Amino acid sequence: MSDSSTQVVIIGGGPSGLLLSQLLHVRGINSVVLERKTKDYVLSRIRAGVLERGLLSLMREAGVSERMESEGLAHDGTLISYGDQMFRVDFKEHTGNSVMVYGQTEVTRDLYEAREKTGGKIEFNVEDVEIHNAKTDAPFVTHTQAGISHRINCDFVAGCDGFHGVSRKTIPQDLRKEYEKVYPFGWLGILSATPPVSHELIYANSERGFALCSMRNKNLSRYYIQCDLSDRPENWSDDAFWTELKRRLPADVAAKMVTGPSIEKSIAPLRSFVCEPMRWGRLFLCGDAAHIVPPTGAKGLNTAASDVNYLYNGLRKFYETGDTSGIDNYSAVALSRVWKAERFSWWFSSLMHRYPKQSDFDFKMQVAELEFLRSNQAAQQAMAENYVGLPY
Ligand code: RFL
Ligand code: PHB
């Protein structure tokens, strides 16, 4: 068994773990990141595309914002359609802020590059990760890599290992409460090397189900349609996808859609999930390890980043002054913002999708709420404030 030490062991080399590791590095705090997969595998996952200003400022603080500032697309608003109607919610006018379209893959790539340049320790292909003594002042993490056992002694453990990771399950079952809602549909998404149909995102509520027109850059589009949970990507030819997408959009938008072969096609289920608390002794959960939102509203990655912000500042305060208030309050402060992101994502999902047993009355309620949002400035402001991201 090899033995080593660091200040913080970070489990998971996704965006939460990498961002935390880079931010701690900037403040002279050492960490080791343990990632179950390879770097190429992590970078092949196509996920979020819209970044809130809080994540942008964390990337600046971490010294990894250069490419995002030059290649990212600032969006001052979004379009919402229902039937043949379409209206715009102006983020800039209502909040003074905008969001940035820049893919999670690019964020992760920039973070890996920065960690490599600054000598960050990231172990890939690790197996059998276990957290020990989390309730003491001397926790340690064991894992195996290429058949060799390792032990890392540390001050703190950050569980950034996503929904299926080991960190959350380390908290004894009788001490954690999990809240969950599973939605009766999924999103079928494609990536295509075609110019986006609109320079702002379009969220569409249609009788045939939800659709979303998004993008990664001026020549790379990301489109989604609501699908059945039993659907498989291989059952959807590119032609069938484009035909169905166009049927869910206003006619003038569908008419100008540029189609092409898909580069990626996948289905994601939709889930709301929160684990309380987000701390057990010296173990702290961050991001998808502690909570999941349905993607309507693009809050997954952004909520992960707000956790990282609270944990990073708590650890920094502890190492710089010995003050434990930031880490002591971590779970309560992080959860207070998490629940607001959960509410927004649940509300926006409920407003925009077709539900299997939806009655005519339920449908009318959606339309009435969309009409209200279209015509009421206060409602648009509330939506804009949530979309650009509530303050940390
Ligand atoms: P991640 O990205 O899941 O990273 C966790 C990392 O931990 C590793 N891991 C382990 N490592 C060591 N030992 C173990 N036992 C481990 N178990 C797991 C994993 O390999 C992985 O590298 O979590 P993180 O960092 O908290 O980041 C969260 C975001 O990735 C997530 O919130 C968003 O991507 C959610 N999400 C989306 N969010 C949006 O805002 N917009 C989207 O369009 C969007 N699309 C998506 C998504 C999530 C998806 N998932 C999870 C299935 C689409 C999909 C398909
Ligand atoms: C995306 O571009 O992948 C995306 C954008 C907005 C969302 C969800 C996903 O609400």
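Laid out as a table, the results:
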| quantity | calculated |
| --- | --- |
| Region 102-197: trypsin sites (Lys or Arg not before Pro) in DSSP loop, at most 11 other beta carbons within 10 Å | Lys135 |
| Charge sum, other residues only, whose C-beta stays under 14 Å from Val126's C-beta, Lys/Arg counted +1 and Asp/Glu -1 | -1 |
| Under the Debye formula (equal points on every Cα, no solvent term), log10 I(q)/I(0) of region 143-280 at q = 0.10, 0.19, 0.22 Å⁻¹ | -0.52, -1.03, -1.27 |
| Reach of Lys218 by Cα under 18 Å, taken over aspartates and glutamates that are not fewer than 8 positions away in the same chain | Glu69, Glu71, Asp76, Glu106, Glu200, Glu264 |
| Residues Met1, Met383, Met257, sorted so that the one with the fewest Cβ neighbours within 10 Å comes first | Met1, Met257, Met383 |
| Amide H contacts of Phe185 (H built 1.01 Å from N, under 5 Å, at least 5 apart or other chain) | Leu270 |
| Computed P(r) (all Cα pairs; region 92-216; 5 Å bins; percent) | 2, 7, 10, 13, 13, 13, 13, 12, 9, 6, 2, 0 |
| Sequence-distant aspartates and glutamates (8 or more away, or on other chains) whose Cα lies within less than 13 Å of Lys317 | Asp328 |
| 222 nm mean residue ellipticity, helices alone, for the chain (DSSP H n ≥ 4; -39,500 (n - 2.57); rounded to 500) | -11000 deg cm²/dmol |
| Over the chain, volume per residue of the alpha carbon convex hull, in Å³ | 144 Å³ |
| Between region 171-200 and region 350-392, the alpha-carbon center distance in angstrom | 18 Å |
| Cα-centre dipole for the chain with unit charges at Cβ (Lys and Arg positive, Asp and Glu negative), debye to 20 | 100 debye |
| Fraction of beta bridges assigned by DSSP in region 1-122 that are antiparallel (%, nearest 5) | 65 percent |
| Relative contact order %, region 245-392, counting alpha carbon pairs below 8 Å whose residues are six or more apart | 20 percent |
| Degrees separating the helix 104-117 axis from the principal Cα axis of the chain, which is the longest one | 30 degrees |
| Sequence of Tyr183, Tyr82, Tyr392 once ranked by neighbouring C-beta atoms within 10 Å, starting from the fewest | Tyr392, Tyr183, Tyr82 |
| Degrees, to the nearest 10: 300-321 long Cα axis against longest axis of the chain | 30 degrees |
| Rounded to 5, the percent of DSSP beta bridges in the chain classed as antiparallel | 70 percent |
| Sum of side-chain charges, Asp231 neighbourhood, beta-carbon under 12 Å (Lys, Arg +1; Asp, Glu -1) | -1 |
| Between region 266-288 and region 7-47, the alpha-carbon center distance in angstrom | 16 Å |
| Packing-based exposure ordering (other Cβ within 10 Å, fewest first) of Val50, Val26 | Val26, Val50 |
| Cβ-defined net charge surrounding Ile80, 14 Å radius [Lys, Arg +1; Asp, Glu -1] | -2 |
| Degrees separating the helix 330-352 axis from the principal Cα axis of the chain, which is the longest one | 20 degrees |
| Spatially proximal lysines relative to Lys169 (Cα-Cα < 21 Å; intrachain offsets below 8 disregarded) | Lys37, Lys135, Lys177, Lys181 |
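Rule-based calculations on the coordinates, nothing more; no lab input. The shown structure was predicted, so the numbers you read here are calculated from the model rather than taken from an experiment. Note that we place each Cβ from the backbone using ideal geometry, even for glycine, and neighbour counts take in every protein chain shown.
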